[in-house]
Amino acid sequence: MIIRAITLFYPTENNKIETNELKNELTKLKDTINKTSEKHGIEVRTWRLTLPFIEPTQDYEELAVTIGRIATELGYIHSTLNIPINTKISSDTLITAFLKSEAYMSIWVANSKEVDEDNTTLYTEVMKKLVELNAWHTARRIAALIGNPILTPYYPDSINISNKHGIALSLLYTNDILNGKERITDTMREVFKKAEGIGREIAEELGIEYLGIDTSLSPWGKHSVVKVIEETHGIKFGDLGTLNAVYNINRNIWEAMTSIRATGFNEVMLPLAEDEELKARVREGLVTFAKLMNYTTACVAGIDMIPIPAGQINKIPNLIQDLHTISRIKQRTLGLRLIPYPGNESEVDMGDFGLTPVMDMRG
């Protein structure tokens, strides 16, 4: 098991933060993480900071830039530009704050009942303008939230709902399942309990709330979710049986997480750029954009980290409508994260996640 992220959910007071107090707490958290991870022999990949939704009246650019400076100094990434539903906000102003602060950003485009047309337009305009600014690669830090907000440490849809003050964890445990695939649920339960012990220990040391674990099964390069699905079900991902296999793994997660405090999505995740085996199936023609959307019906957490042709940005509103329909049917929240690529190449370099196929949204 690897702890993918430990996320501090930090409250605001009257839409403001006392920066010295925040900096002191982030420093203490970092020191505590290092001490605790060494004690237990556990790797922690990232530490993160998440704030509540912004208020339209606040100077969110100044807040995001200030926090961005502190976060960078201490080695954190931060989610400080979370846009609530029914908000009138300028895409130009938002993009300026986003690029200056290097924040992660979530735009809430639909609740459990209806799509917010203004925020759908905002998300679409942001994608277009990032292409115009030749900053399209930063779209990996932006997600559209479809459904009711949830408290998750997974970025970019990480929002401090209810103005909490505590920590939550996300995990990498594909290898644990591969090593214990004859007893998947029990293996998951053991992983979750071990992680919870570490999370509670850190929270107690800081005197803040332990908010739980998002038990989602997520990839990171060679730590492949697709490999788990293939080896536990004897199929090739993308063939018939894939939907059933995804659902079965989710059932394992839901059963195992009853033994701990869970928060967030708690589902199989299939971010294209982050899973090397998923990329391979796309290159082989076994997985298309339409298939990935179909798999969300079996409770995958959404369409994630997919490069698309920039010329197809205008299809995003219809995609959001379709994903909202799926969200309503299964009564779960989804995320959407696209990277609009203006080039003509069939693959794009995603930096730390390497070459990734560009997917045609029509296929």
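Hey, among the residues in region 165-219 that are more than 19 Å from the chain's Cα centre (by Cα) and of a type in the set (S, T, Y), which one's nearest to G41 (Cα to Cα)?
By that ranking, first place goes to T187.
Would you call G351 modelled with pLDDT under 95 and surrounded by fewer than 22 Cβ atoms within 10 Å (Cβ to Cβ)?
Criteria met by G351.
Between H40, H78, which is surrounded by fewer than 18 Cβ atoms within 10 Å (Cβ to Cβ) and either of a type outside the set (V, I, T) or under 30 Å from T124 (Cα atoms) (or both)?
Exactly one residue qualifies, and that residue is H40.
Just checking, does region 21-30 include any residue being in a loop (DSSP other than H, G, I, E, B) and out of contact with any strand residue (DSSP E or B) (no Cβ under 9 Å at 6 or more places or on another chain)?
No - not one qualifying residue is present in region 21-30.
Restricting attention to strands (runs of 3 or more DSSP E) lying wholly within region 64-153, give those where 1 or more residues are under 24 Å from Q331 (Cα atoms) and polar (S, T, N, Q).
Here the list reads 77-83, 104-110.
Quick one: would you say E182 is at pLDDT below 95, part of a helix (DSSP H, G or I) and more than 30 Å from I316 (Cβ to Cβ)?
Yes: the conditions hold for E182.
If you go through region 334-345 one residue at a time, do you hit one that is part of a helix (DSSP H, G or I) and touching a residue at least 40 places away in the same chain (Cβ under 8 Å)?
No.
Residues checked against (1) farther than 24 Å from G147 by Cα; (2) surrounded by fewer than 21 Cβ atoms within 10 Å (Cβ to Cβ):
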{"residue": "K279", "(1), (2)": "yes, no"}
{"residue": "G285", "(1), (2)": "yes, yes"}
{"residue": "T297", "(1), (2)": "no, yes"}
{"residue": "N314", "(1), (2)": "no, yes"}
{"residue": "I320", "(1), (2)": "no, no"}
{"residue": "K330", "(1), (2)": "no, yes"}
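Results for (1) in a loop (DSSP other than H, G, I, E, B); (2) touching a strand residue (DSSP E or B) at 6+ places or on another chain (Cβ under 9 Å); (3) closer than 27 Å to A168 by Cα, shown as yes or no for each residue.
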site	(1), (2), (3)
I249	no, yes, yes
M257	no, yes, yes
N266	yes, yes, yes
L270	yes, yes, yes
K279	no, yes, no
L286	yes, yes, no
N314	no, no, no
I320	no, yes, no
L323	no, yes, yes
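The rows are residues; the columns are (1) buried (at least 18 other Cβ atoms within 10 Å of the Cβ); (2) over 24 Å from W220 (Cβ atoms).
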{"residue": "A5", "(1), (2)": "yes, no"}
{"residue": "N20", "(1), (2)": "no, yes"}
{"residue": "T27", "(1), (2)": "no, yes"}
{"residue": "K30", "(1), (2)": "no, no"}
{"residue": "E55", "(1), (2)": "no, yes"}
{"residue": "E62", "(1), (2)": "no, yes"}
{"residue": "S90", "(1), (2)": "no, yes"}
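Take P340 and tell me if it is touching a Phe, Trp or Tyr at 6+ places or on another chain (Cβ under 8 Å) and surrounded by fewer than 18 Cβ atoms within 10 Å (Cβ to Cβ).
It is false that P340 is touching a Phe, Trp or Tyr at 6+ places or on another chain (Cβ under 8 Å) and surrounded by fewer than 18 Cβ atoms within 10 Å (Cβ to Cβ).
The values are calculated or read from the model by the stated rules, or taken from the named source; none is laboratory data. All values derive from a computational prediction rather than experimental measurement. When we count neighbours, we look across all protein chains shown, and the Cβ atoms used for this are built from the backbone with ideal geometry, even at glycine.
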